[in-house]
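The values are calculated or read from the model by the stated rules, or taken from the named source; none is laboratory data. Values in this document were obtained by computation on a predicted structure and should not be read as measured data. A quick note on method: Cβ atoms are made from the backbone with ideal geometry, for glycine too, and the neighbour counts reach across all protein chains shown.
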Amino acid sequence: MNQILLTRLFKSIEGKHDEPLIRVAYSIIEDEKKKGHVTLAKKLNSILQENLSKTKGNSFLKLTRDKEFRIPIDRRFRLPLAKHTEHEHLRHEMVLSENAESKIIRIEKEYLSRERLAHHGLNPRRKILFYGPSGCGKSMAAERIAWDLGLPFYKVRFDSIISSYLGESASNLQTLFESIADYPCVLLLDEFDIIGKQRDVKSNDVGEIHRIVNILLGLLEEYNGEGILIATTNLEGSLDKALFRRFDDFIELPKPTITEITELLKISFSALKLNQNIKLGDYAEKMAGMSYAVVVKIANDAAKKAVINSSSEISANDLDMALAENEAINK
Ligand SMILES: Nc1ncnc2c1ncn2[C@@H]1O[C@H](COP(=O)(O)OP(=O)(O)OP(=O)(O)O)[C@@H](O)[C@H]1O
Ligand SMILES: [Mg+2]
């Protein structure tokens, strides 16, 4: 279908998040993305999101907006125990391996079908662990899930949770989990290994670490709330085995393949003009082994250079220089 027709069609789509028509709309967006029509996919997605948020009687979105939620605070220092990110600021445009993409879509579909699942005594996956190297989308994937599902997004502030006063870290964790028990949101426990370290770690505060880990295990186990808990770590090996068992799904987010790097470069440059002699596939090969974050940084560095020089397009030289500069640090 041509782009104008698709755009027009999307403007007329209305419905609730879990209706079949909306699911078809999401599949069209995914197909366009796979075909490399990234800008179109992005445009269709924002039209769809706008229509979904306007739809009257969209009980799910209404519920999350209407319900007053106050972030609990640490009693001693009055610091908030979680940080909210506005929906429009959530990072969501990801390039993923087929395996990771399909597992994330499964989480989203199960969440949208949670009422149907409940009729059969089944629960959606809602305690998720993302693991993998730094800069490969663990935190971003949590944001993407919140964005796709229209759920409010909160990130646990371990700096406020972990208190040097005995017992207060545990009570902070408890307070936070209680406050979100029946509030539909995505709660991100980012770099979770801060408290999820091996229980046999020998350190001075080992007693307190044991206590906090045990409280967290209990809280994870008991969580049967309305939202989705997402933990991330890049230290998979050092995580307590008992913690792994508490999750409904573990998803590895590895470094990108050459095809994924090419796709990421295409997306990163989609709003800009690239010199026609540049072959992104060749650059992707030179970037093999880099994280997504570094690839994005190289693309941004090249783009900034072109903009600052008031060039009408990004030249091979801009890209070569950005690559050389980052290659030295990141390989
Ligand atoms: N799969 C991806 N698709 C597109 N961009 C990505 C992807 N993964 C990472 N990025 C880019 O890298 C940046 C950093 O990603 P993110 O913060 O999710 O990494 P992380 O895995 O949480 O790393 P860390 O372990 O250091 O916290 C993102 O803002 C984005 O620009
Ligand atoms: Mg992260």
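Structure above, values below:
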read-out: Any hit, the stretch 258-277, residues being of a type in the set (A, V, I, L, M), within 16 Å of ligand 2 (Cβ to nearest atom), crowded, with 17+ Cβ neighbours inside 10 Å and outside any helix (DSSP H, G or I); value: no
read-out: Qualifying residue in the stretch 46-63 (condition: modelled with pLDDT of 85 or more, in contact with a Lys or Arg (Cβ under 9 Å, 6 or more places away or on another chain) and over 26 Å from residue 227 (Cβ atoms)); value: yes
read-out: Within the stretch 264-312, tally of residues that are out of contact with any Leu (no Cβ under 9 Å at 6 or more places or on another chain) and in contact (Cβ under 8 Å) with a residue 40 or more places away in the chain; value: 11
read-out: Qualifying residue in the stretch 177-184 (condition: away from ligand 2 (no atom under 14 Å from the Cβ), closer than 30 Å to residue 42 by Cβ, modelled with pLDDT of 90 or more and outside the structural domain of residue 48 (by TED's automatic domain parsing)); value: yes
read-out: Residues of the stretch 132-156 satisfying the condition of being in contact with an Asp or Glu (Cβ under 6 Å, 6 or more places away or on another chain) and within 9 Å of ligand 1 (Cβ to nearest atom); value: 132, 139
read-out: Qualifying positions in the stretch 126-141 - under 11 Å from the mean Cα position of the chain (by Cα) and near ligand 2 (Cβ under 8 Å from one of its atoms); value: 138, 139, 140
read-out: Residue satisfying condition, being more than 11 Å from ligand 1 (Cβ to nearest atom) and over 30 Å from residue 115 (Cβ atoms), within set 213, 296; value: 213
read-out: Pairs where the first residue, in the stretch 168-192, is on the phi > 0 side of the Ramachandran plot and the second is outside any loop (DSSP other than H, G, I, E, B), C-beta under 7 Å, 6+ apart; value: 191/232; 191/233
read-out: Qualifying positions in the stretch 292-322 - in a loop (DSSP other than H, G, I, E, B) and either buried (at least 21 other Cβ atoms within 10 Å of the Cβ) or acidic (Asp, Glu) (or both); value: 313
read-out: Sole exception among (1) out of contact with any strand residue (DSSP E or B) (no Cβ under 9 Å at 6 or more places or on another chain); (2) modelled with pLDDT of 95 or more for residue 128, by number; value: (1)
read-out: The stretch 14-33, residues that are surrounded by 13 or more Cβ atoms within 10 Å (Cβ to Cβ) and either at pLDDT 80 or above or of a type in the set (S, T, N, Q) (or both); value: 22, 25, 26, 28, 29, 30, 32, 33
read-out: Single match in 109, 103, 127 (criterion: more than 16 Å from ligand 1 (Cβ to nearest atom), under 20 Å from residue 234 (Cα atoms) and in the same structural domain as residue 244 (by TED's automatic domain parsing)); value: 127
read-out: Residue in the stretch 216-237 that is nearest to residue 152 (Cα to Cα), counting only those that are within 16 Å of ligand 1 (Cβ to nearest atom) and among the hydroxyl-bearing types (Ser, Thr, Tyr); value: 232
read-out: Residue within the stretch 229-247 that is assigned to a loop (DSSP other than H, G, I, E, B) and not assigned by TED's automatic domain parsing to the domain that holds residue 144 present; value: no
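Quick grid of which residues meet (1) out of contact with any Phe, Trp or Tyr (no Cβ under 8 Å at 6 or more places or on another chain); (2) closer than 23 Å to residue 91 by Cβ:
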site: 114; (1), (2): yes, no
site: 121; (1), (2): yes, no
site: 129; (1), (2): no, yes
site: 133; (1), (2): yes, yes
site: 138; (1), (2): no, yes
site: 154; (1), (2): yes, yes
